[in-house]
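The values are calculated or read from the model by the stated rules, or taken from the named source; none is laboratory data. Just so it is clear, the model here is predicted, and its values are computed rather than measured. Backbone-built Cβ (ideal geometry, glycine too); neighbour counts: all protein chains shown. Calculation scope for accessible area: heavy atoms of the full protein, side chains included, ligands and nucleic acids excluded. Shrake-Rupley method; radii C 1.70, N 1.55, O 1.52, S 1.80 Å.
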Amino acid sequence: MSGYIPKIQELYDRIKANLLSNANIQLSQDLTLTAIATFIAMDSADARLTFDNAIKQMFPRLATEEQFIVNNAFIWTNNTIQRKNGSFATGSLIVTATQQVDIPIGTQFSTVDGIVYKSKTLRSCVDQPFNIESLVRTNNEAIVKITNHNLANGMDFEIIGANESAFNGKQTITIIDKDYFKYSNTGSDETATGTITGQYFGVLVEVESVEATNDANKDFANTISIDDFIDYVENVYISYNGIIDGSDIETLESLKARTVEFLENPTNAGNRYQHQSWLKQNTNANYAYVFQDEDSFYNYVYCVISQIDETTLNFTNFSTQELDEIKADFLNDNQLPLGCSGNKTVVQNPSFVNINITINGLLPNTLAMQNQVKLELKRYINPLPVKKYLSNDFSELSNSKIQNIIINTRDTNGQSPSFTGMFIGGTGSLTTNVSKPILGTVVFG
């Protein structure tokens, strides 16, 4: 009787305690369980997640519905389709201050709806100068042009250098678009002159959201505040370019849709031999003939021949209804070539040629010899409907060729046959450059 094997949880608790006390790890009789428990006892988040996902993939019933869908997408698509993780939103904030001060890396900011951001780099508040391209008063508003200004709505911005002094001074601005902003300025309509500049005292701070979520995307109309107290900091604004590119983890509906789309449009366009293999594996045919219509790359025509055993060369064709069902199954099983909509896939019995072979005076005229002759002829004739295998004169089906196959046959006892005569009928129905399956019978006279 085998000894007691602890559960993983017991091993985990013991190994965790030993790790914390720097004691030696006591091995269980089951080294695999010990390795797993040690692995997760190291308290690595990645290790625990890897272990958890591995267990859920091996035992889907342990998984949530969400994990079950993720696992199946992984398996069905051979790891091609994976659930898309959420992305962190990034952008820039304008921090204004009354005197020079540093905004450390990791400084935390938040919006009124609880979305949190952290600064990505160390920045210092100093004068931030701009060249003003034009300044025009219209209807008691001054319109300022600075290409790609990336300023913030409601911030204070100082105008300097206009010859018309009424334009100058610290102004509270309203963003118009990426190149223009405005501020209230009473007076007659006119264009300011002089070498005009503008500035604010502060810094542009690059931030990233703490959580990967679509909710972290904010435009310059949203308000934001600094969570970490820093002396001399006045206000924080979201710049015109906003905080963008945040996204939630992909929804299960989207994952399922992408999985279905992938399966419905296989990257492998498929060829005649793959189609033939599918038909033979998914129908009761042990011989299936498939050829591609030369007028369309994705147009496949099937002639399915069923129930060929080793004792006869009598062929039975599928009915039209059976062929239609095969076509439906084929399309539903996602075997459709890439780019094919389905209406180009034709399933039918094309015209065929009856090649009937009569063998007279066979010796030894035993059932074993007859079966072996039929088998060898079957092995030879089955590929011949593929027209490129046939010569223009169809010499592959000449009397001398068929006779040679019969003569070289050996039955299960190792005996070779002889015969007094042989006749092949039906080869006259073959047409040059026309694909036709070759069916027929073998009769012993």
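What the table below lists for this structure:
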| quantity | calculated |
| --- | --- |
| Members of region 403-427 found to be in contact with an Asp or Glu (Cβ under 8 Å, 6 or more places away or on another chain) and either over 12 Å from L363 (Cβ atoms) or loosely packed, with under 14 Cβ neighbours inside 10 Å (or both), listed by number | I405, N408, T409 |
| Filtered residue count, region 160-195, keeping only those that are of a type in the set (D, E, K, R) and free of Cβ contacts under 8 Å to residues at least 24 places away in the same chain | 2 |
| Residues (of a type in the set (A, V, I, L, M, F, W, C) and either open to solvent by less than 60 Å² (accessible area, probe 1.4 Å) or closer than 22 Å to T98 by Cα (or both)) located in region 190-220 | A192, I196, F201, V203, L204, V205, V207, A212, A216, F220 |
| From G361, G342, residue being of a type outside the set (V, I, T), at positive phi and modelled with pLDDT of 80 or more | G361 |
| Some residue of region 193-202 being farther than 30 Å from T251 by Cβ and touching a Cys at 6+ places or on another chain (Cβ under 7 Å) | yes |
| Scope region 111-143; condition closer than 20 Å to F201 by Cβ and free of Cβ contacts under 8 Å to residues at least 60 places away in the same chain; matching residues | L122 |
| Checking D228 against (1) among the acidic types (D, E); (2) open to solvent by 70 Å² or more (accessible area, probe 1.4 Å); (3) modelled with pLDDT of 75 or more, the condition it does not meet | (2) |
| Set L252, L263: member being touching an Asp or Glu at 6+ places or on another chain (Cβ under 7 Å), open to solvent by 30 Å² or more (accessible area, probe 1.4 Å) and at pLDDT below 85 | L252 |
| Looking only at region 97-110, and only at residues there that are among the hydroxyl-bearing types (S, T, Y) and either open to solvent by 10 Å² or more (accessible area, probe 1.4 Å) or out of contact with any Asp or Glu (no Cβ under 9 Å at 6 or more places or on another chain) (or both), the one that is nearest to E211 (Cα to Cα) | S110 |
| Matching entry among I196, I244, I238 (being under 30 Å from A166 (Cα atoms) and under 36 Å from the mean Cα position of the chain (by Cα)) | I238 |
| Neighbours by Cβ (under 6 Å, 6+ apart or cross-chain): first from region 67-89, more than 28 Å from N217 (Cα to Cα); second modelled with pLDDT of 70 or more and not in a helix (DSSP H, G or I) | A73/I81 |
| Index of the failed condition, D113 passing every other in (1) in contact with a helix residue (DSSP H, G or I) (Cβ under 8 Å, 6 or more places away or on another chain); (2) outside any loop (DSSP other than H, G, I, E, B) | (2) |
